[in-house]
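What follows draws every value from the coordinates through simple rules; no lab data is involved. Computed from a predicted structure; not experimentally measured. Using ideal geometry, Cβ is built from the backbone for each residue, glycine included, and neighbour counts are taken over all protein chains shown.
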Ligand code: ADP
């Protein structure tokens, strides 16, 4: 769990605040309930005390004390109702004292006589109220009380409910908060996925814009505007390198032709002829560079896959190897092709041939005389695989991550002045990417280099084709 994430912090805050509010409301309800329970019990006790005082006033003079006490006992049965009744004569002696209540909440004999206040008093588990009855000008004191245990039980029950309820509320709040946060962040996830899918080859794509008129919508709009500006800058750079290389081609061709005609001049001495030949070589290299740059610009502007067709990659590899075999033979290098089965791909045949040519060209260029080059084509893991393995010096480990960059040439290659422009593998990578594939370079344990091209296999021509074949 990522505790620093916005989602976690939102849920934690939401749960914390909800818990505080619920606990606060629970306490408020607890004290409110306690107050109103006491109020209701005091009210009942005061009414009861007034009723007892009224019975005293009505009967004690005429029917006598014993009769009145019996009447009160039978009318209220204080012991069974967990009540307390005490009547004191005007001289202070006790006329009647109720017995022990069934819930044993208090001891009636231990209830003190004073203080002589009319208001409700709490004595342990007993709530006591006091009133008086005037009989023939003499004052009888009536104390009425009730057990507080039932109220305490209600309050305890409420606390237990709160204790069980709060964790459940917390659980619901956390789960609900997590769902809400997930839903709220879903558009952000969609933006992230869309942003991840945007590369230099599909800069025309835009992020989804949620129609919410809030920060999220503004974010997508602002990011889209930024991608638009990036696209413009990228296209500008692409146009520049395409225009520059295109413009260079003509003067370079003219220079080459002029230099070639100069080499045929018979009046030139040998050193001058050699210098012209060297300049001609460099001019040809510059021409190749301009061609390569133009090719990369075109590939990156989406012209890599023009004529899409479905074909067997292993056949294309074999045919291309045959065309290049002459070049290899000059160095005494043997090219061997290996393909156990047809490997169907769909793509631009001409461009993919360029990939094979560039890889073979490098393999021949960097292999020692008399070496072997292996071209292995097969289908593996749902992909078409082409591996070009040579017996050359391999690529220096520190150069491996850079060989697909434009104009990159390993130092060992530069010092041995091997012919090249540093654009061949860059073109290979652009073509592979445009076909939804990849290319990687690795050194062989026993020496030599292996370039692996992975391309998506063509979808089956029609469903059940393989099935029909097997039958
Ligand atoms: P270059 O025109 O220099 O061959 P590439 O883009 O084709 O340019 O290759 C880039 C660099 O990768 C080369 O300069 C070389 O250092 C290295 N390289 C490519 N293929 C091989 C290979 N088969 N063996 C050794 N090094 C290689």
Exercise for review: Tell me, rounded to the nearest percent, the portion of alpha carbon pairs in segment 238-358 spaced more than 25 Å apart.
Suggested key: 50 percent
Exercise for review: Using R₀ = 25 Å, calculate the FRET efficiency as 1/(1 + (r/R₀)^6) where r is the Cβ-Cβ separation of residue 189 and residue 1; round to 0.05.
Suggested key: 0.90
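Taking the Cβ-Cβ separation of residue 174 and residue 29 as r and a Förster radius of 25 Å, what is the calculated FRET efficiency to the nearest 0.05?
Here the calculated transfer efficiency is 0.65.
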**Study point:** Calculated on alpha-carbon atoms, Rg and Dmax of segment 26-115 in Å
**Key:** 15.7, 55
Check your understanding: For the chain, what mean projected area does the convex hull of the alpha carbons give, in nm²?
Key -> 46.9 nm²
Study note, to complete from the structure: the chain: relative contact order from alpha carbon pairs under 8 Å, six or more residues apart, as a whole percent, is 10 percent
Point to revise | Of every Cα-Cα pair in segment 353-439, the percent that sits beyond 23 Å | key: 23 percent
Revision key, fill the gap. Taking the chain and counting helices only, DSSP H stretches of n ≥ 4 at -39,500 (n - 2.57) each over all residues, the nearest-500 ellipticity at 222 nm comes to -19000 deg cm²/dmol
Point to revise | Cα gyration tensor shape for segment 42-172, rounded if a/c is under 1.5, else prolate or oblate | key: prolate
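By counting other Cβ atoms within 10 Å of each Cβ, how are 25, 404, 158 ranked from fewest to most?
On the way: 25 11, 404 20, 158 15.
Sorted ascending by nearby Cβ count, the order is 25, 158, 404.
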Exercise for review: Work out how far the C-alpha atoms of segment 189-235 reach from end to end along every principal axis, then list the three figures in whole Å, largest first.
Suggested key: 32, 18, 10
Revision key, fill the gap. Over all Cα pairs of segment 349-403, the Kirkwood radius sets Rh, and Rg/Rh then becomes 1.01
Check your understanding: Expressed as a whole number of Å, what is the distance separating the alpha-carbon centroids of segment 158-213 and segment 1-75?
Key -> 45 Å
Review point. For segment 8-76, what value does the Rg/Rh ratio take when both radii are computed over Cα atoms and Rh is the Kirkwood radius, given to two decimals?
Key: 1.56
Check your understanding: Between residue 38 and residue 288, what length comes free when the chain is fully extended (0.36 nm per residue of separation minus the Cα-Cα distance, one decimal in nm)?
Key -> 79.9 nm
Review point. Quick one: if the Förster radius is 60 Å, what FRET efficiency do residue 270 and residue 442 give, using the C-beta to C-beta distance and rounding to 0.05?
Key: 0.85
**Study point:** Average Cα contact separation per residue, segment 304-426, under 8 Å, 6 or more apart, as relative contact order %
**Key:** 24 percent
Check your understanding: For segment 319-360, what D do you get in µm² per second when you plug the Kirkwood radius from alpha-carbon pairs into Stokes-Einstein at 10 °C and 1.306 mPa s?
Key -> 136 µm²/s
Study note, to complete from the structure: Going fewest to most other Cβ atoms within 10 Å around each Cβ, 273, 41 line up as 273, 41
Practice item. Would you please put 354-365, 279-290 in order of how densely packed they are, using the mean number of other Cβ atoms within 10 angstrom per residue and starting with the highest? Key: 354-365, 279-290
Exercise for review: Determine the distance separating the Cα centre of segment 86-132 from the Cα centre of segment 292-331; give it in Å without decimals.
Suggested key: 111 Å
Check your understanding: With labels modelled as points extended 7 Å from the Cα through the Cβ direction, what inter-label distance (nm, one decimal) is found for residue 203 paired with residue 8?
Key -> 3.8 nm
Point to revise | Along each principal axis, Cα extent of segment 105-249, largest first, Å | key: 134, 29, 21
Check your understanding: How big is segment 202-273 by the Kirkwood estimate over distinct Cα pairs, in Å?
Key -> 16.9 Å
Check your understanding: Stretch residue 19-residue 236 to full length: gain in nm at 0.36 nm per residue minus the Cα-Cα span?
Key -> 72.4 nm
Review point. Once you have the alpha carbon radius of gyration of segment 264-335, what is it after dividing by 2.2 N^0.38 Å, with N set to its residue count?
Key: 1.73
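Per 0.36 nm of contour for each residue apart, how much would the distance between residue 91 and residue 331 grow if the chain were fully extended, relative to their Cα-Cα spacing?
72.4 nm
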